[in-house]
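Single-structure report; data block below.
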Amino acid sequence: MKKSVLLTGALALGLTASAAHADPQAEVLHWWTSGGEAASVKVLMDEFAANGGTWTDMPVAGGGGDAAMTALRARVLSGNAPTAVQLKGPSIQEWYEEGAIGNIDDVAKAENWDALLPAAIADHMKCDGAYCAAPVNVHRIDWIWGNSKVLADAGIEPPTTWDEFNAAAEKLKGMGITPLAHGGQAWQDATVFEAVAVGLGGPEFYRKAFVELDMDTLKSDQMKAVFDQMRTMRGYVDDNFSGRDWNLATAMVINGEAAFQIMGDWAKGEFINAGKVPGKDFTCTSPSGGAYLYNVDSFAFFNVDGEDNVAGQKLLAKLVMGGNFQKVFNLNKGSVPARLDVSMDEFEFCGRQSNADLNTAIDQGFLLPSYAHGMALRGAQAGAITDVVTAHFNSDMSSEEAVEALAQAVANSL
Amino acid sequence: MTEWLEKHAPKMVLAPSFIAILVFVYGFIGWTAYVSFTRSKLLPKYDLKGTIQYERLADSPRFEVALTNLAIFGVLFILFATIIGLTLAILLDQKIRTEGPLRTIYLYPMALSFIVTGTAWKWILNPGLGIESVMHDLGWTDFAFNWLVDPNLAIYTVVIAGVWQSSGFVMALFLAGLRSVDNEVIRAAMVDGVSTPRIYMSIIIPSMAPIFLSAFIVLSHLAIKSFDLVIALTGGGPGYATDMPATFMYAMAFSRGDIGQAASSATVMMVIVTAIIVPYLYSELRPRHD
């Protein structure tokens, strides 16, 4: 069967001479289905086709990837994994432990990925020391987006620490402007929480708490201070924030109804689509004191049979890490390239800022995985922390109760 | 031959669906119960590890909230849907002229899916868009109705939306029941000069006991499996204040890669359903002596 397909394929292409050579095939499971994201994937599809590959698209939208993960589980259990899957962070290792993930180390060695990628990010792409996934971008999470006009009218500089943020927020509140545009969904609460944690506690505290899950750190006074700041910030959101989608919160900043939003750099796309100029109409600052919380999307390569599929994986891995794709994809998506040697000339102000901060953070060892976006911990542990964060933010739970609940929830999830 | 067919045809016709239900319903219930005794995470595993998942469930504040919410929602939803449904049915039973259209109007919400109901009520109850904002625009600026965004009260908005959706259906059930009460008895009571409320309280309602039971069974299974209404109305929020066992199970299975917790919470839900259904089946299936 396989032979006849190969043969027909070869005949159809009129490549009788190279019939022994494999035709790269890739079935790619992803959930980049919305406008800008779909356009970004199209770039990769076109490059893949231009290099003689056959791309079978398998987009599964819905639930922020939950639906795609369900599809993946069904495919792996039936012994028919897709060639490549949009997968990130520790879930790559989780699937590796289930014995489902393959190996693209020879491509990575040939292309010298170790030199091109920040070490922290390269580690996510490796299973037992060998590359098994390829990164496509770096999203920064700990951004404060601000409306320049609102800030100028209030005489406020864009905040770079949480104290400055609090002072600015009090002033704005006095003027009748909602200081913080926020959507009361668990993942958004977690996004704000981790930005507060890294800004107040510093990189070492963050790493101990949310990467190593150190119980003493989770219960520390520093963690109480983080929850205290969350309680303060609860006073800076409007009454109507529950359940609001993140892009509606961004719209509040765009329209000047609110001054700030704390969100990953996908929020930038909303500003730009509304005709706002980065660095001029809206500000992007980080309150993290040099730390950088990343969320890296990647393609993981699953165990597949057949020469064609393996050739497809190798070609795909090479193209994903290619300079052109990394540039075009990230220009579309609002993130920055994972590969450090891509020219940032065509990127806008906040993109260049993100890249500059990324490089500084690498030098200082302050490059940290985002827990809220599934880069630092596995689903069960990250979910347990988020449960406590969102329960605290949405009730009158005290900081003491919150840290106790945090330690208990983490222990229970292990 | 014909005789053989006559004897066996019903069994043969029923066999495929019987087998399908045996495997896909009862088989997978068994599978889920089995998995709930393992330490399955991302993918199911089959080494038994005792009751660890149930211990984790017992320690989980979120599951506690989900069970409390199920109790609040279940009791209030069943109670109010029954009371409102019965009241509407009795009012419609007064031989009024426009009964047909009115009945359709009250029954109509049942034609909507819970997703539509949830989304509509999300807008109606949203303080910035719905009732509260309209009242403020009309000049009643002290008016406050922000249950949807209050973690302590949000679960009651789920009750409101659920009751709105289901009470029309309960009304239809009761209306059919009211019509089937023996007219002779009612007439006899009227001749004896018994007042109308008394007729309802002492004769008609007691004779509708089986309808109450049916309404209870239908509503209680709607309450226990309620998922789409919560997702559309509150998304489980604020925080996880409106989480239900079904949404908890979904989060564990599909977002968190914790199949063990999902399976054990699903098993707990099944036990609750069984606790309600078994007495019902028992009362239905026992030989009658009347």
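The values are calculated or read from the model by the stated rules, or taken from the named source; none is laboratory data. Predicted, not measured: the structure shown is a model, and the values here were computed from it. Reconstructed Cβ throughout: ideal geometry from the backbone, glycine too, with neighbour counts over all protein chains shown.
Of all residues in segment A:373-414, which are under 25 Å from A:TYR236 (Cα atoms), touching a Gly at 6+ places or on another chain (Cβ under 7 Å) and aliphatic (A, V, I, L, M)?
Within segment A:373-414, just A:ALA391 meets the criteria.
Among the candidates A:ALA380, A:ALA338, A:ALA361, single out the residue that is closer than 19 Å to A:PRO90 by Cβ, outside the structural domain of A:GLN222 (by TED's automatic domain parsing) and crowded, with 17+ Cβ neighbours inside 10 Å.
A:ALA338
Which of the following residues is more than 10 Å from every other protein chain (Cβ to nearest Cβ), surrounded by fewer than 24 Cβ atoms within 10 Å (Cβ to Cβ) and either touching an Asp or Glu at 6+ places or on another chain (Cβ under 7 Å) or modelled with pLDDT under 90 (or both): A:SER399, A:SER413?
A:SER399
So how many residues does segment B:253-290 have that are farther than 19 Å from B:GLY50 by Cα and without any contact (Cβ under 8 Å) to a residue 24 or more places away in the chain?
The qualifying residues number 17.
When you check A:ALA61 against the structure, is it touching a residue at least 12 places away in the same chain (Cβ under 8 Å), in a loop (DSSP other than H, G, I, E, B) and crowded, with 22+ Cβ neighbours inside 10 Å, yes or no?
Answer is no for this residue.
A:PHE301 is checked against (1) modelled with pLDDT of 90 or more; (2) over 20 Å from A:VAL85 (Cβ atoms) and fails just one. What number does that condition carry?
Among (1) modelled with pLDDT of 90 or more; (2) over 20 Å from A:VAL85 (Cβ atoms), A:PHE301 violates only (2).
State which residue pairs qualify: first residue within 14 Å of chain A (Cβ to nearest Cβ) and inside segment B:146-175, second residue in a helix (DSSP H, G or I) and surrounded by fewer than 21 Cβ atoms within 10 Å (Cβ to Cβ) in any location, beta carbons under 6 Å apart, and separation of 6 or more residues or different chains.
Sorted first by the residue in segment B:146-175, then by its partner, the pairs are B:TRP147/B:TYR156; B:LEU153/B:TRP147; B:ILE155/B:ILE72; B:THR157/B:TRP147.
Could you list, in sequence order, the residues of segment A:36-56 that are touching a helix residue (DSSP H, G or I) at 6+ places or on another chain (Cβ under 7 Å) and outside any loop (DSSP other than H, G, I, E, B)?
Correct list: A:GLY36, A:GLU37, A:ALA39, A:SER40, A:VAL43, A:LEU44, A:GLU47, A:PHE48, A:TRP55.
Residues are listed down the side, and each one gets a yes or a no for (1) under 17 Å from the mean Cα position of the chain (by Cα); (2) at negative phi; (3) not aliphatic (A, V, I, L, M):
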{"position": "A:PHE260", "(1), (2), (3)": "no, yes, yes"}
{"position": "A:LYS268", "(1), (2), (3)": "yes, yes, yes"}
{"position": "A:ASN273", "(1), (2), (3)": "no, yes, yes"}
{"position": "A:ASP281", "(1), (2), (3)": "no, yes, yes"}
{"position": "A:TYR292", "(1), (2), (3)": "yes, yes, yes"}
{"position": "A:GLU307", "(1), (2), (3)": "no, yes, yes"}
{"position": "A:GLY312", "(1), (2), (3)": "no, yes, yes"}
{"position": "A:LEU315", "(1), (2), (3)": "no, yes, no"}
{"position": "A:LYS318", "(1), (2), (3)": "no, yes, yes"}
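Looking at segment A:202-217, which of its residues are surrounded by fewer than 22 Cβ atoms within 10 Å (Cβ to Cβ) and closer than 14 Å to A:TYR371 by Cβ?
The answer is A:PRO203, A:PHE205, A:ARG207, A:LYS208, A:VAL211, A:GLU212, A:LEU213, A:ASP214, A:THR217.
Taking the conditions exactly as written (of a type outside the set (Val, Ile, Thr) and in contact with an Asp or Glu (Cβ under 8 Å, 6 or more places away or on another chain)), does B:LYS49 satisfy them or not?
no
Can you tell me which residue among B:PHE77, B:PHE114 is modelled with pLDDT under 90 and of a type outside the set (Gly, Ala, Ser)?
Only one candidate qualifies: B:PHE114.
Does A:GLU98 satisfy the criteria of being of a type in the set (D, E, K, R), in contact (Cβ under 8 Å) with a residue 40 or more places away in the chain and either out of contact with any strand residue (DSSP E or B) (no Cβ under 7 Å at 6 or more places or on another chain) or closer than 19 Å to A:GLY323 by Cα (or both)?
Spelling it out, it is not the case that A:GLU98 is of a type in the set (D, E, K, R), in contact (Cβ under 8 Å) with a residue 40 or more places away in the chain and either out of contact with any strand residue (DSSP E or B) (no Cβ under 7 Å at 6 or more places or on another chain) or closer than 19 Å to A:GLY323 by Cα (or both).
Looking at segment A:122-131, is at least one residue under 27 Å from the mean Cα position of the chain (by Cα), closer than 23 Å to A:TYR206 by Cβ and of a type in the set (A, V, I, L, M, F, W, C)?
Scanning segment A:122-131 turns up at least one residue that is under 27 Å from the mean Cα position of the chain (by Cα), closer than 23 Å to A:TYR206 by Cβ and of a type in the set (A, V, I, L, M, F, W, C).
Just checking, how many residues over segment A:162-205 are of a type in the set (Val, Ile, Thr) and either within 14 Å of another protein chain (Cβ to nearest Cβ) or in contact with a Ser or Thr (Cβ under 9 Å, 6 or more places away or on another chain) (or both)?
4
Can B:GLY193 be described as in contact with a strand residue (DSSP E or B) (Cβ under 9 Å, 6 or more places away or on another chain) and at positive phi?
no
Restricting attention to helices (runs of 4 or more DSSP H) lying wholly within segment B:187-290, give those where 2 or more residues are farther than 24 Å from B:VAL116 by Cβ and within 14 Å of chain A (Cβ to nearest Cβ).
Fully inside segment B:187-290 and qualifying: B:259-285.
Please list, ordered by residue number, the helices (runs of 4 or more DSSP H) wholly in segment A:104-194 having 3 or more residues that are assigned by TED's automatic domain parsing to the domain that holds A:VAL85, surrounded by fewer than 24 Cβ atoms within 10 Å (Cβ to Cβ) and of a type in the set (D, E, K, R).
The helices (runs of 4 or more DSSP H) meeting that bar are A:105-111.
For segment A:61-96, which residues satisfy the criterion of being within 12 Å of chain B (Cβ to nearest Cβ) and among the β-branched types (Val, Ile, Thr)?
Correct list: A:THR70, A:VAL76, A:ILE92.
Taking the options B:THR98, B:THR82, name whichever one is among the polar types (S, T, N, Q) and surrounded by 13 or more Cβ atoms within 10 Å (Cβ to Cβ).
B:THR82
Could you give every pair whose Cβ atoms fall below 6 Å, whose first residue belongs to segment B:43-58 and is over 15 Å from B:THR267 (Cβ atoms), and whose second residue is assigned to a loop (DSSP other than H, G, I, E, B), counting only separations of at least 6 or pairs across chains?
B:LEU43/A:GLU98
So, in segment A:97-119, how many residues would count as being under 22 Å from A:HIS373 (Cβ atoms) and away from every other protein chain (no Cβ under 14 Å)?
Residues meeting the conditions: 3.
Given the conditions (1) modelled with pLDDT of 85 or more; (2) surrounded by 13 or more Cβ atoms within 10 Å (Cβ to Cβ); (3) farther than 30 Å from B:PRO197 by Cβ, and given that B:LEU129 satisfies all but one, which numbered condition is not satisfied?
With respect to (1) modelled with pLDDT of 85 or more; (2) surrounded by 13 or more Cβ atoms within 10 Å (Cβ to Cβ); (3) farther than 30 Å from B:PRO197 by Cβ, B:LEU129 is out only on (1).
Could you check A:GLY374 against (1) within 14 Å of another protein chain (Cβ to nearest Cβ); (2) under 22 Å from A:PRO118 (Cα atoms); (3) of a type outside the set (Ser, Thr, Tyr); (4) assigned to a helix (DSSP H, G or I) and say which number it fails?
(4)
Kindly state which helices (runs of 4 or more DSSP H) lie completely within segment B:50-125 and contain at least 1 residues that are over 26 Å from B:ASP150 (Cα atoms) and aromatic (Phe, Trp, Tyr).
B:52-59, B:99-107
(1) modelled with pLDDT under 90; (2) within 14 Å of B:LEU173 (Cα to Cα); (3) within 24 Å of the chain's Cα centre (by Cα): which one isn't true of B:LEU88, the others all being true?
For B:LEU88, the exception is condition (1).
Determine the pairs where a residue that is farther than 14 Å from A:GLN25 by Cα, located within segment A:73-86, has a partner that is in a loop (DSSP other than H, G, I, E, B) and small (Gly, Ala, Ser) with Cβ atoms under 7 Å apart, the partner being 6 or more residues away or on another chain.
A:ARG75/A:ALA81; A:VAL76/A:ALA100
Can you pull out every residue in segment A:91-145 that is under 26 Å from A:MET263 (Cβ atoms), in contact with an Asp or Glu (Cβ under 8 Å, 6 or more places away or on another chain) and not aromatic (Phe, Trp, Tyr)?
Within segment A:91-145, A:PRO135, A:VAL136, A:ASN137, A:HIS139, A:ARG140, A:ILE141, A:ASP142 meet the criteria.
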